[in-house]
1. Which of the residues spanning segment 3-25 are outside any helix (DSSP H, G or I) and farther than 16 Å from Gln99 by Cβ?
2. Restricting segment 40-64 to residues that are surrounded by 13 or more Cβ atoms within 10 Å (Cβ to Cβ) and either of a type in the set (Phe, Trp, Tyr) or out of contact with any strand residue (DSSP E or B) (no Cβ under 6 Å at 6 or more places or on another chain) (or both), which is farthest from Thr25 (Cα to Cα)?
3. Going through segment 79-95 one residue at a time, which ones are surrounded by fewer than 19 Cβ atoms within 10 Å (Cβ to Cβ) and closer than 20 Å to His28 by Cβ?
4. Which is modelled with pLDDT of 60 or more and more than 16 Å from the ligand (Cβ to nearest atom), of Asp128, Asp102, Asp87, Asp120?
5. In segment 40-84, how many residues are assigned to a loop (DSSP other than H, G, I, E, B) and either more than 16 Å from Gly11 (Cα to Cα) or modelled with pLDDT of 90 or more (or both)?
6. Pairs please, first residue from segment 86-100 and closer than 17 Å to Gly18 by Cα and touching a residue at least 40 places away in the same chain (Cβ under 8 Å), second anywhere and near the ligand (Cβ under 10 Å from one of its atoms) and not charged (D, E, K, R), Cβ atoms under 6 Å, 6+ apart in sequence or on different chains.
Amino acid sequence: MTNLETHDMVGYWIDVIGLNGWTITTEHIPIMSVVYEKSIPFRDRYFVGVEIDRELMSARIYHDRPLNGEYVVHELLHVKYPNWSEDQVNVETERLLKQNKDDYSFTRVSVEERQRERSDKYDYLIGDDDDIKPNQNKDE
Ligand SMILES: [Zn+2]
């Protein structure tokens with residue numbers, strides 16, 4: 001998935017889940033930066049997590065494998081419902097993915113049409129008008 005596709009996907013789910021006004025960024029972290037227990041099977045050794053600043057209404061999703069809809073929905077639900085258990089988040093993630101399946105594939109089409117805007121670095125800024133504006137100058 002390209003950066004722009006990720007950008008559009010995150011924007012899409014921000015809208016569906018109702019996190020407009022939030023700034024959601026994603027950051028690809030090196031696989032080796034996470035230390036795992038030896039008992040964890042290799043296939044389960046990956047990290048997707050979210051750091052949330054409620055005061056600033058911003059959150060950053062860290063991931064060491066490519067993001068997909070499931071990861072994004074899961075992390076955004078943690079942002080939206082801080083008191084939900086992991087089980088509640090998982091159930092709602094599955095429900096939302098199923099419910100929005102058709103809508104989401106439509107979204108993917110428009111992504112293809114705008115590939116020329118692709119850039120190496122994006123994050124996700126949601127303004128008052130709910131427009132998603134790529135910010136390529138973020139100092140990370
Ligand atoms: Zn979780």
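The values are calculated or read from the model by the stated rules, or taken from the named source; none is laboratory data. These numbers were taken from a predicted model, which means no experiment stands behind them. Here Cβ is always computed from backbone atoms with ideal geometry, including for glycine, and neighbour counts include all displayed protein chains.
1. Leu19, Asn20, Gly21, Trp22, Thr23, Ile24, Thr25
2. Checking each candidate, the answer is Arg45.
3. none
4. On inspection, the qualifying residue turns out to be Asp102.
5. 16
6. Within 6 Å, no pair qualifies.
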